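Everything on this sheet refers to the single structure shown next.
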Amino acid sequence: MLKSKTIKTITSKKIKLVTLVLLLANSILFAQGNHLKIEINPFFKTKVLKKDSWYVSKNNDSLQFSKIKFYLTDFKILTKEGKTKQLPNSDFLVSIFNVESRSILLENISYKTGDQLLFNIGVNEKMNTSGALSGSLDPANGMYWSWQSGYINFKIEGKSPSCSTRKNKFQFHIGGYKKPFAATRFKSVTITNAINNVLIIDFDIAILFDSIDISNLNQVMIPGKEAIEIADILPNLFSLNE
Amino acid sequence: MSFIIGIFICLGFVLVKNEEVFFEYPEYWPKPVYNFSKLSMTEEEFQLGRHLFYDPLLSRDHTISCASCHLQATGFTHVDHDLSHGIEGRIGTRNSISIMNLAWNTSFMWDGGVNHIEVQSLAPISSENEMDTSLAIIVEKLNKSEKYNSLFQKAYQDSLVTGQKILLALTQFVVMLNSYNSKYDKYIRNELGGKFTEQEKIGLKIFRNNCASCHKEPLFSSNDFKNNGLNVDSTLNDFGRMMVTKKPEDSLKFKVPTLRNIQFTQPFMHDGRFETLQEVINHYTSEVQHSPTLANELQEQIILTHKEKVDLLVFLRTLTDQKFLYNKRFSYPRETQTN
C-alpha cells in the first residue's frame, strides 16, 4: 500500500519532468506562445535601407528615400486546423526610418508552429468610414486625406534623377477603400520559427522600384487605377526571414 | 485630519460629473443618420467644440476660424462671397455651405467627398485656400495652450489634446446646430406663430409641386447629388461629384443643399453665382442647361407665372428660424469662466 503510493508519486514526478523537458524543447524548437513580436527589417535588395542613402534599382534608377510609412492592421491567426482568431485593436502605423515603430507587439494571442499570421497592408473599409478614430488611426498622424475621406495606406516619398518632377521628387500616397479602387491588400505568413516569440519580417522596397517605371509613374496622390497598380505589388515587399 | 479632507477635496474634483446635453428634434422627423456613440454628449465637450469653432488658432496664421465662413446670423454660411476666402485672402473654388441639421447628412461638402461628420473639419483645416494647416499642428498648438488644456481636461478628464478629441469636440458643437423652429415648422405643428397667410399656403403648394422632389421636407434637402442645369463656369471647371467618384455619370452633380434659412444664406449654388432668390427661381424656370447628366426632375421645364414666383419666394421666407439664427448657445463664446 505504502509502496505503491511512493511509486505513484515518483511516476507523477517523472511525468512532470518529461512534460517540462518537452515544453522546453517545444519553446526552443517550435514557436508557441501568448504574445508575438514582429520586427520589420528594411532592405533595398541585400543592403540595409537607410534614410537619404542612394540605391540603384534593376531599371537603373538611382533612388533616395525620405519617408516610408504604412499601416499594418487587422492581425489574425489562422490555425492549421482552419480556425481564425482575430486580434482586436491590432492597428499599427509603421514608419520605416523610426526603429521603435518597426517593432510590433501582438499581445494575448496563442499560436503554434505552422499557424498562419494574417494581416492587412492598409486600413479596411469599415475603419475608413467610422469617423474620427484614435491612436495609430488618429487623423493627426498625417495618414488621412481631408478633401476626400479615407486613410493613406502607404506613403513612399523620396527622389530620383529619373523623375523629371520638381526637385526630382517621387511621392506615392496609396489608399482608397471604395471599389473598384480599394487599395488595401492582404498578407499572410506561416509562423515557422518564431524564436523567443519574435517573428522577423524583411521589407524590401527594391521589389516595388524594380517593377515600376518611375520616369512615368512618380506622383500618385489619389485613389484610382495607378494606386491599385502599386497596391498590388505591396504584399510582395514583405517576406518572412527564416 | 487635514490630509483626509485633502483627499476628499481631490476626490470631489475627480468625481465632478459632466452635464449631459440632449440631442432634440421633432418627433415626426426621420431618425438622424449620425451615430452619436463617440461623443460624450456633455456640456463640457459642447463648449470645447464651440471654442474651437470660433478660434482662429485653427488656421496657419491665426486669422481664420470656422466661423469666418460660417456665420451664425446667416445660417452658418459666408454671406456676400460667391467663393469663400481663407487666410491671406486666398479664394477657394466653392461657396461655403450652410451648417445645420448635419446629423441627417450621409456625406459632406458640395461633392460629398467627406464621408463622415467627424472628419469633415479636416477639409477646411488642410485646404491651402482656407486654413492651410494640419490637424497635427493644431494638436501641437493646443497642447501648449493653458486655456485648452483646461477645456480638454473638463471635457475628457484628460488635458492631453489629440486629433480625435479635437474632431469629436467640433462635431459635438456642430451637430447641435439644429433648425426646426421656423414659421413653416410651427405651421406643420399647428403651433402659435405658425399661421400661414393665404399667399404662404399657395407658395407651399407651388413648392411641393415643383421643388420638393429634391428639397425634401422636413429637412428641405436630400442626400442626393444632382446636376441642376447650371452651365460650367470656365474659370473654375468644377465638375463636382465626378471629381470624387471618377464616374462620368456624376459629372456636374452637386449636393442638394437645404433650403432652411435660405432668406439669409446668399449667394446661392456651389459657386455662389446667384445673389438673389429671384435669380435662382429664374434659373429653374427658364435657364436650365440640358446635358447628359441633368436631373430627371428638371427634364421638363418648370413654368411659373410672375405671381407664382412671388408666392414661392414668400413661402421660402417661412423657412427662416430666428430662434436658431440668434440662439446665444451657438454664438461666439464669451469668456464666462477664468481658468
Projecting the Cα atoms of A:90, A:55, A:128 onto the charge dipole of the range A:50-134, where Lys and Arg contribute +1 and Asp and Glu -1 at Cβ, the residue farthest towards the positive end is A:55
From the Cα centre of the range B:245-301 to that of the range B:107-158, the distance in Å is 30
Each residue of A:126-135 has, on average, a number of other protein chain C-beta atoms within 10 Å of its C-beta equal to 6
To the nearest 10 degrees, the tilt of helix B:43-53 (Cα long axis) against the first principal axis of the alpha carbons of chain B is 60
Sparse-neighbourhood loop hits (GluC sites (Glu not before Pro), the range B:29-130; DSSP loop; Cβ within 10 Å at most 13 others) -> B:128
Burial-style ranking of A:70-76, A:188-194, average other-beta-carbon count within 10 Å with highest first, yields A:70-76, A:188-194
Share of Cα-Cα pairs in the range B:183-323 beyond 28 Å, whole percent, is 20
Least to most buried among A:226, B:27, by other C-beta atoms within 10 Å and fewest first, runs B:27, A:226
Kirkwood radius from Cα pairs of chain A plugged into Stokes-Einstein at 37 °C, 0.692 mPa s, gives D in µm²/s equal to 164
Using the Kirkwood formula on alpha carbons, the hydrodynamic radius of chain B in angstrom works out to 21.6
Given pairs A:51/B:154; A:69/A:178; A:50/A:126; A:45/A:169 and cut-off 30 Å on Cα-Cα distance, the over-length ones are A:51/B:154; A:50/A:126
Fewest-first ordering of A:56, B:175 by Cβ atoms within 10 Å yields A:56, B:175
Given Cβ charges of +1 for Lys and Arg and -1 for Asp and Glu, the option among B:76, B:113, B:101 whose Cα lies farthest towards the positive end of the dipole of the range B:19-179 is B:113
CD proxy, 222 nm, chain B: helix-only mean residue ellipticity via -39,500 (n - 2.57) per DSSP H run with n ≥ 4, per residue, nearest 500, stands at -9000 deg cm²/dmol
Full extension between residue A:39 and residue A:193 adds, at 0.36 nm per residue less the Cα distance, a length in nm of 54.1 nm
For chain A, the dipole about the Cα centre with charges only on Cβ (Lys and Arg +1, Asp and Glu -1), to the nearest 20 debye, works out at 1080
Chain B: relative contact order from alpha carbon pairs under 8 Å, six or more residues apart, as a whole percent, is 20
Compactness summary of the protein assembly as shown: radius of gyration and Dmax from Cα atoms, Å, are 29.7, 115
Treating only Lys and Arg (+1) and Asp and Glu (-1) as charged, each at its beta carbon, one finds that chain B has a dipole about its Cα centre, in Debye to the nearest 20, of 620
In whole angstrom, the spacing between the Cα centers of the range A:35-91 and the range A:176-230 equals 9
Computed over chain A: longest principal axis from alpha-carbon atoms vs helix A:2-29 long axis, angle to nearest 10 degrees, is 10
Any aspartates and glutamates whose Cα falls less than 16 Å from that of residue B:309, other than same-chain ones fewer than 8 residues away, would be B:198, B:200, B:279, B:287
Across B:36-48, the residue-averaged tally of Cβ atoms belonging to other chains within 10 Å stands at 1
Here the whole-number average of other chain Cβ atoms within 10 Å per Cβ of A:144-154 is 6
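Every number here is computed from the coordinates shown, using simple stated rules; none is lab data. These numbers come from a predicted model, not from an experiment. Every residue, glycine as well, gets a Cβ built from its backbone with ideal geometry; the counts of neighbours run over all protein chains shown.
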